[in-house]
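Beneath this line is the structure, given in structure tokens, with notes to follow.
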Amino acid sequence: MTHIFEPSTLEERRRYYRDEWDINDLPDFIRKDLSKREFGFDHLGRGPNDRYRVFKTPDMLKRFMRYRSPFAAYCSVAFYNKPRKRGEWLKSELVFDVDAKDVPVRSCGCDSVCEICLDEARQIVAGLIDTLKQDLGLKNIHVIYSGRGYHIRILDESAMGLDSEGRSQVLKYVAGAEPPKNKYFMEDESGQKPYELEHFSIPLGYPAVFTKRIKYAILHMNGTEKMEEVNPKLMKDVLKYREMVQKDEWGLFKNKIGPIRYRNLVEGISKLNMGLVDAKVSIDLKRILRMPTSLHSKVSMRCMEVKNIETFDPLKEAVPKFVNERKGY
Amino acid sequence: MGNFLSIVQLIEIMVLISYLNPFSSEGEEIVREKGSIEGIFEVNPELLQLVRDSKSQNISDDSYIPKNYADLALKRVEWYLRRKNDKKYNHNDYAFLINPKIAKFDVISIYTMAQAIGIKFNPKSREGRLLVESQGKLVEDRLEKLVPIERKEVVNNLLNQMITQDNIKWTSMSQLLGSKKINLTDMILDQGDVVLEKEDFLIRFEDKIEGRLPEKMYDLLIGEKIKEMIISRMIMQKTENYIHKVHEMAPKIEAHPTLLEIGEQISEKIKELSYFPGSGGSGGFGGDIKATQLQHEAFPPCIQKTIEGVGSGNRNDAIVLLLTSFLSYARLYPSVFRNEGTSKISDIDPDLQITINEIIPLIFEAANNCNPPLFDDDPQEKLNVIAKLGFGVNKDPELKHEGESKWYTPMSCDKIKIHLSSLCKPDATCKKIGNPLSYYNRKRWELRNSGDKTPSKSSESDSDTD
């Protein structure tokens, strides 16, 4: 297994694009309107500095990939009338990038990427998709395994015109990056004290999303997470009583923690949740993202569309043949 | 229910609609009928009488009573600023604004204001923002004063007029989300719909709710308040869109001198009323803020941390995007977000001496403090710093290159939280502001008022860099 995440050589890249890669595997959502996207390439492993490329047909892209065997290939989330100049922007996919190595709560504690954190990233993605469908009603959602994590790429026309701020609001909603309010007022009761209602007592809307995200975080913490609002004593107590959260005994858990410290915990985790997804990617309307079917040469993994996120196993499905044929594997 | 509205009540509802939403078809009808610009400054006896007859209206002095449409427009500005900033604000001085009978005058006055502002100022200017915010606040106040049955009826009418689909999709509110007038997390969403009606709520969620009455849950989470919030924000957006439309058309038509004059008067009124001693409101540290020596002790925590040095990963954005814009504006043009007008460094620093001798050395020093030093790895970022000051991609700032790029304003706190979250360690002052530059202005005002005469570190900074 140790050979899996090692970088690929130029020879391996050539073999990949010559023997394994097939332009017909390119997902339909990329092939359709291919000529309206910007493509970018990294040839030397120093970042995508070959930008503003346009391919009028899949065949032209195929020839380029076979001939150049790039270190990395990217295409824009944006569609343009003049993609070569990134001119006349039309719309952009709504995108969420979950990188396993950047997930803020990881039970493995590894310093890069391992099977455990890749699987945790997969679980997070499944949760995000659930909210994107159930709450936000979005359709045409595609999941791409990027090599070290996942991209959720949404081509629902109703969301593709959103500006950066709109996207940032969607991000906060799905990631649970804002503590929901816990005081509510009844109509026609002006002057009355507000009703205290914690997120876990509300089984719908954003509070319910938040409950799912905070539950995930609490259950996956390993105690080394840094949150300004959470001191070591509070962290210790959270780990001590988190079994109650597992059983959805939130009231008991809050009692054990104490109301003020509970609020601190909620504040702290909501900030951590902001890191579940790379926010810069989501709010950037002109971002280029790793092209599905291309090779992630830093880790020798295939970037590919995931048909079923519940059952997807990157170590079975995204490992190129040349990795299995490496000496000593 | 059981209470049916009479014909008279229905007519009253129609009046209320234009009173609350001047951009409704009822409002547009009023403008078509009475919207002549000619009589804007003429004394209007009907308006005078109406104001005097308004319940609880203070009439002890003539100055409380708007005499014509232009006066009414200025009273709206005055009302909003006093309400926001003046501790001595008395609602009875402006009770006429909450009198539905004022609708036809009010509609004309808001169109006049929006046109005057759209012609004379940028839609995002403080004049534009004030009109939009004040309209939203006025809708809230006006709704609050209606009797419950009327209130419910008019809210449903307004919503039906503004939203044509059966179910409101959150994506149809993209403009409100984009301008941050509405938070997605404040609404109850299901399958892409914004749930507003009780029946709809119960059908969707009744089975999920345990240990609490579903009806009560609806009243707590949604009720009329979410509907009213959406209405007020939509009307704000319509006001903003109208100003934009006028602004776009302005260069193609000759502006009426009356509108230019009203625009000028609105601007003067804002300057006059932006500062009330001891108000502590967000406008309370107002007045014109001029270019002065930098006061390091008034820098927000994110800027302090950037100056101390940032680790790899965040260095480029922190130095090039955040610090460059912050220091240049803090030193030269701290009131940029309040004022309409200049956006070139040379307008304030004509020979660029302050920029070259004070601002750039501080930015480069902070870049050196980064770990590893930013320019060691990325020497081209020096060019980006110059570009963000408005001098194009060049080695040094030179007047001949000015305008080749934009002089970037500091990013908002919201953006910092996303792009540079590790630098965002908010203190108490941060809770009151939305941009590091606003923090700086506020903090300087607080320091001045607290009598802190600590000399600015800027005078010492030369020796620090030696």
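The values are calculated or read from the model by the stated rules, or taken from the named source; none is laboratory data. Small disclaimer: the values here were computed from a predicted structure and weren't measured. Heads up, the Cβs are rebuilt from the backbone with ideal geometry, glycines too, and the neighbour counts pull from every protein chain shown.
General observations
Listed here are the residues, each with its yes/no results for (1) under 30 Å from B:Ile163 (Cβ atoms); (2) of a type in the set (Asp, Glu); (3) part of a loop (DSSP other than H, G, I, E, B); (4) without any contact (Cβ under 8 Å) to a residue 40 or more places away in the chain.
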site	(1), (2), (3), (4)
B:Arg32	yes, no, no, yes
B:Ile40	no, no, no, no
B:Ser56	no, no, yes, yes
B:Asp71	no, yes, no, yes
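- Only residues that are among the aromatic types (Phe, Trp, Tyr), under 24 Å from A:Ser282 (Cβ atoms) and within 13 Å of chain B (Cβ to nearest Cβ) were counted in segment A:173-232, giving 3.
- Within segment B:408-424, the residues that satisfy the criterion of being out of contact with any Lys or Arg (no Cβ under 7 Å at 6 or more places or on another chain) and more than 12 Å from chain A (Cβ to nearest Cβ) are B:Thr409, B:Pro410, B:Cys413.
- Out of B:Arg129, B:Arg151, sole residue that is under 13 Å from the mean Cα position of the chain (by Cα), surrounded by fewer than 21 Cβ atoms within 10 Å (Cβ to Cβ) and assigned to a helix (DSSP H, G or I): B:Arg129
- Of all residues in segment A:209-229, those that are of a type in the set (A, V, I, L, M), part of a helix (DSSP H, G or I) and buried (at least 19 other Cβ atoms within 10 Å of the Cβ) total 4.
- For segment B:317-336, filtering for residues that are modelled with pLDDT under 90 and either part of a helix (DSSP H, G or I) or surrounded by fewer than 19 Cβ atoms within 10 Å (Cβ to Cβ) (or both) leaves 1.
- Any hit, segment B:370-379, residues being farther than 23 Å from B:Ser312 by Cα and part of a helix (DSSP H, G or I): no
- Test: residue in segment B:168-177 that is touching a Phe, Trp or Tyr at 6+ places or on another chain (Cβ under 9 Å) and more than 14 Å from chain A (Cβ to nearest Cβ): no
- All helices (runs of 4 or more DSSP H) inside segment A:1-89 with 2 or more residues being within 24 Å of the chain's Cα centre (by Cα): A:28-31
- The residues on offer are A:Ser201, A:Ser146, A:Ser164, and the sole one that is in contact with a strand residue (DSSP E or B) (Cβ under 8 Å, 6 or more places away or on another chain) and either assigned by TED's automatic domain parsing to the domain that holds A:Trp89 or of a type in the set (Gly, Ala, Ser) (or both) is A:Ser146.
- Annotation note: Cβ proximity below 7 Å between a residue of segment B:207-227 that is within 10 Å of another protein chain (Cβ to nearest Cβ) and a residue that is of a type in the set (Lys, Arg) and buried (at least 18 other Cβ atoms within 10 Å of the Cβ) (sequence gap 6+ or interchain) occurs for no pair.
- Each residue in segment B:186-206 was checked for being in a helix (DSSP H, G or I), at the interface with chain A (Cβ under 7 Å from one of its Cβ atoms) and surrounded by fewer than 21 Cβ atoms within 10 Å (Cβ to Cβ), and 0 pass.
- Any helices (runs of 4 or more DSSP H) falling wholly within segment A:270-329 and containing at least 2 residues that are within 14 Å of another protein chain (Cβ to nearest Cβ) and in contact with a Phe, Trp or Tyr (Cβ under 9 Å, 6 or more places away or on another chain): A:279-283
- Qualifying residue in segment B:341-364 (condition: within 29 Å of the chain's Cα centre (by Cα) and under 29 Å from A:Arg167 (Cα atoms)): yes
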